[in-house]
Structure formats: C-alpha cells, structure tokens
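The structure under discussion appears below in the form of structure tokens.
The numbers here are math on the coordinates, done by the rules we state, and not lab data. Not measured: the values here are computed from a predicted model. Note: ideal-geometry Cβ built from the backbone for every residue, glycine included; neighbour counts use all protein chains shown.
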C-alpha cells in the first residue's frame, strides 16, 4: 500500500497542473471596431482554449456575451478538450460569416445586430435631408410649422423606418405632426417643445457614431438614436443561434452539413481565408442561419440574453456609475434639460464630488465579493504578491451584483453620444445613472483581483482611448487641457494620438496620470499591461470598419501574442503556429502592448 501511495504521489509531482495554463480574458472595448474581437478571440480560443473567466465593457461586453453563449453550446460542451477549442473557434469565426449573411440576406434581417445597424444607419442618414430639422428652430409660430408639414414629416417617417422612431421623444415628433391639421395649431408650449426636440434630433443625427466627447456635456442628456434594451435582445437572438439551445431538426441537419464540410478546413485560418478556399462554407452557414430564423420562436422565453451573467464563464461586464451626489447633480440637470427645455443646463453640468463616479461590474456575487476584498488589501495569486490599494481605477470599484445579460447590454454599450445617462438601480435598491462602459478598457487588474493566475489581454497598439479620456475629463474633472483630446480635424486627431502615445513624463501625480498616462508605469493603464501574462496586440485603429471589415478581422486573427519570459502560458503558445514575441524585445511604438518593467 505504501509503495502504491508513493508511486501515485510521484506521478502527481511529475504531472503539470492543468490549472497552470488556465487563463482569464481581459477584453478591451473598441466601439464599432468590435469585429476585431472576432478574429483575435478565434485565434486565442483555437490556440489555448476558452477562458475560465472574462471581463470587458462597452463593445467588449457584447463580445463576452457572445463568447459565453458559444461556450454553452452542447456541441462544444460535449467535445474533448482539443476538439472543444476547434469547435468554439469555428463558431467565433462564423460571426464574420453571419455578418455577411445579415448584410446580404433579407431572411436574416430579423437578427440584425448593433454593428450592422450603426453602419446602415450612418449610410442612410447621409441620404436624408436632415437640414430640414435644423430649420425648424427658425420658425416663428406653429402655423409656419404646419405649413412645412409634408416636408418635415417625410424626413421623420424615413428616420422612423430606420428604427429611430422607436426612441422617445423623437417618436412624439412624428406622431404629433402627423395627426395635426391646418386649423389645429399647437399652443406655445407645444410649439416650443417641438422646436427643442427637432433641434435635439438634428444634433444627434449629426454627431451619430462620431464618439466625440470633447467639451460636449450634451452627450449625457441628449436623447440617443438607439434603444439599447431592444438591441440587447437583437444581439441575444444572434447569441441564441450560437448557443444551439433551440435548434430544430432542420437547423441541426443544416449545421451538420456545415461542420462535416468545413470544421477541419478552418483550423489555422480566418473565416475569409476559409470561404476563399471553400466558398461553399459561407453557403452552408447561410442555410443554417436562415433555417434557424425561419423557426417558430418564443423569444421572451428562448432568448439567452435573459440568462444570468456568468452561468458558463464567470463574466464581469462593466459600466460607469453616477452615485450619491453625482447622481443628484445629473438628475437635477436632466430635469432642467427635458422638463424645462433648458439647453443651458448641460453647459452648467458639473460633478461636485468625482469620488461619486464609480466603475461598476456585474457578475457572480461570490467572485465580486472576492474582487472587492482584494482591492482593499494586499493579496497573493499563485507566486505573485499584489497590492492595488493605491491604484486609481481599482479604488473606484463598485459591485453591481448578479444580473441578466439583458441588463448589462442595455447599459454597458450605451456610451455617451449613442445614449444619454441611463437610470437604473444598483442591486435593485440604490438609484444611479449609467454612463456606459468606457471606464475599464483594460480589466487586467480586476481579473487579478478575482484571483486569476494568468490573464490574457486583447488590446491594440496605442494608449487609452481619447474618447474615454474625454468622458472622464467631463465626469471626473480631470486637470488635462482639451487640446490633448482634439479630434476636430484629421490632422488634429493624428497629433492628439501622437501625444497620447508618448504620454507625459512631467506628470505622475494627477488623476489623469494615475489612470491613463502611458509614460507613468504606475498608471492603471500601464500597470494592466505590465501584469498581463500574455497580450494579443492588434492594430484595429488602422482600419475603417465600414470599408475594411475583412482586413480588420484578419488583423485580429493574425495579431502577435506578446509573452513575457516568465509566463506560464509561454510553452503552450510556443507549441502552436501563432506569431509569438517577447515583450522585453519590443520597440517603443508598441505602447499599449509592452510591459513597462
């Protein structure tokens, strides 16, 4: 018995721990460049498997939701470990094929996702005479307004057909004008209300998709063009397809044909490469996708967006939160702005106590509690001793508790400029506003606090987003001049990026520096890069998603894995065909992807 015991003990000692190569995924939000995630995640999962936990905000929250839905698919869960990686990666790559199907097939339009909607909406807005709306503010009385009824109504109805009419109060403009008659003039209050929201709609249309917060407090109060709850449900329908939870026999049969012909062919290449070599794979995917959306669905019951966050992969989607005095400041301004039609309220808006701007995360309660405790004291993860008590970003952590993906996706992607401040209750108790998922585009520290030994960070070259910093300046009263965030012209934008990527060596103490300064190795941003065990470094800002979708996705798929010498994941990655670089060897132009110490 003793010999057997020691034999088993020696075998255990000589066998590497499986958990040593588990990893958690820190995913950087990237707005409309989200398809870059598809390529990078496909290569990551193909190389080392699905993550054991994940975090990300804004568009990264959407990608995390899709990834968890894929991981829940029985076809993946029942597979061996190696086969599971190939299967999951195949479904991630298929997102590109699904985007092609949605764009080219009327039968697939029911599942149109946020990216396709934004691209289509921007294109259609350019074809409309929205200047008609700007001219309403010059009208003297309701008789003049009704005299231009047909011209104005034509624009409003066209906008409504694009989906804008589903948001209030712009729907009111259309209904109010369409039911009015020549002898039924608005009273003065109605007329002023109409002029105010016509101008609001015009400004929202002009700014749509620009992600420009520079000295622009209106973005927190002006009604957006997207109903994010509706679009969370729309993305949920796509995720439900990926989850395989309600496939009919016909859909399953179509999917089997796709898998039999294409699964092995896609290993090691992107979706675009696959359909170039085997174009029938796109047709098989289209047949499967259209079959699924031709089924009878009970969406309130079937849609996986109603699932609890983290049921399969512990997940921590994030958003910015206005609490206490910050909530009261915003609420007072919101009342002045909308109830009293006071546009000057936005100009006067200021957060009195920036400490009441918090960075919130949904997820499993037990792990959120662990994160919260570890942010308050030194702790150990594996062989690492960590202390984030002085970290500027970590000090703003607030647990939002357990919730459905519907809730997270109704708030996290609803960035300023796409939506105003969104009211909600923290843990269904405390009134607050969400201002979108811009605060944590580098959630490495959060995952370390969740006691992840290995964290893979999917990011891009370059420093923190200028948009995120601009929003932070407005809400956190950052002492950094607007000239550093200037994106008013292509030349100004290029110069702002250059300065941002150099950082500021003269500033190590301001809140801006402690959060974002790439020249400060102790900033939250650079500390996150330094503590990542592997960084997948894309260059997604180099591409225009509207015209270079294929290039954007392929750049994500072929992005190098930057691995420090002491990474536990190094040998596993090295055994694959992935391009691997050591972080210590990178030149300075890899800022955002390079360790600082």
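Structure above, values below:
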{"item": "Overall dimensions of the range 237-372 by Cα: Rg and Dmax, Å", "result": "23.8, 63"}
{"item": "FRET efficiency estimate (nearest 0.05) - Cβ-Cβ, residue 548 to residue 350, R0 35 angstrom", "result": "0.30"}
{"item": "Fully extended contour minus Cα-Cα distance, from residue 249 to residue 273, at 0.36 nm per residue", "result": "5.7 nm"}
{"item": "Kirkwood-type radius of the range 288-429, with distances r between different C-alpha atoms, in Å", "result": "18.0 Å"}
{"item": "The range 196-251 - Rg and Dmax from Cα coordinates, angstrom", "result": "17.8, 55"}
{"item": "Computed FRET value (nearest 0.05) for residue 508 with residue 369, which takes r as the C-beta separation and R₀ as 30 Å", "result": "0.40"}
{"item": "All-pairs Cα distance distribution in the range 310-360, expressed in whole percent, bin size 10 Å", "result": "24, 36, 23, 12, 5"}
{"item": "Cut-off 19 Å, label 7 Å out along Cα→Cβ of residue 298, residues of the range 244-263 by amide N", "result": "244-249"}
{"item": "Volume in Å³ per residue [convex hull over Cα atoms, computed for the range 474-515]", "result": "74 Å³"}
{"item": "Alpha-carbon radius of gyration plus Dmax, which is the widest Cα pair, for the range 220-266 in Å", "result": "17.0, 52"}
{"item": "Diffusion constant of the range 438-597 at 20 °C, which comes from Stokes-Einstein with the Kirkwood Cα-pair radius and 1.002 mPa s, µm²/s", "result": "129 µm²/s"}
{"item": "Convex hull of Cα atoms in the range 515-597, direction-averaged projection (nm²)", "result": "6.1 nm²"}
{"item": "Contour minus Cα-Cα distance for residue 215 and residue 395 (0.36 nm per residue)", "result": "62.2 nm"}
{"item": "Estimated FRET transfer efficiency when R0 is 56 angstrom, pair residue 383-residue 172 (beta carbons, to 0.05)", "result": "0.40"}
{"item": "Largest-first ellipsoid semi-axes for the range 279-335, taking √(5λ) over the Cα gyration tensor eigenvalues, angstrom", "result": "41, 16, 15"}
{"item": "Percent of alpha-carbon pairs separated by more than 37 Å within the chain", "result": "35 percent"}
{"item": "Computed P(r) (all Cα pairs; the range 381-533; 5 Å bins; percent)", "result": "1, 8, 16, 19, 20, 17, 11, 6, 2, 0"}
{"item": "In degrees, nearest ten, helix 490-502 long axis to first principal axis of the chain (Cα)", "result": "40 degrees"}
{"item": "For the range 267-322 and the range 556-590, distance of Cα centres in Å", "result": "29 Å"}
{"item": "Cα gyration tensor of the range 409-486 - equivalent ellipsoid semi-axes, whole Å, descending", "result": "23, 22, 12"}
{"item": "Estimated [θ] at 222 nm from DSSP helical runs (n ≥ 4, -39500 (n - 2.57)) normalised by residues in the chain, nearest 500", "result": "-14500 deg cm²/dmol"}
{"item": "Rounded to 10°, Cα long-axis angle of helix 466-476 versus longest principal axis of the chain", "result": "70 degrees"}
{"item": "Spin-label model distance (nm) - residue 223 vs residue 429, 7 Å beyond Cα toward Cβ", "result": "3.4 nm"}
{"item": "From the C-alpha gyration tensor of the range 365-433, square roots of 5λ in Å", "result": "28, 14, 11"}
{"item": "Estimated translational D of the range 443-513 in µm²/s (Stokes, Kirkwood radius over Cα pairs; 25 °C; 0.890 mPa s)", "result": "175 µm²/s"}
{"item": "Beta bridges by DSSP in the chain, antiparallel share as percent, to the nearest 5", "result": "45 percent"}
{"item": "Prolate/oblate/rounded call for the range 50-96, Cα gyration tensor, a/c under 1.5 rounded", "result": "prolate"}
{"item": "Nearest 10 degrees, 0 to 90: helix 35-48 Cα axis against the chain principal axis", "result": "10 degrees"}
{"item": "Fewest-first sequence of 358, 43 by Cβ atoms within 10 Å of each Cβ", "result": "358, 43"}
{"item": "Where the Cα pairs of the range 122-264 fall when distances are cut into 5 Å bins, in %", "result": "2, 8, 15, 17, 14, 10, 8, 7, 6, 6, 4, 3, 2, 0, 0"}
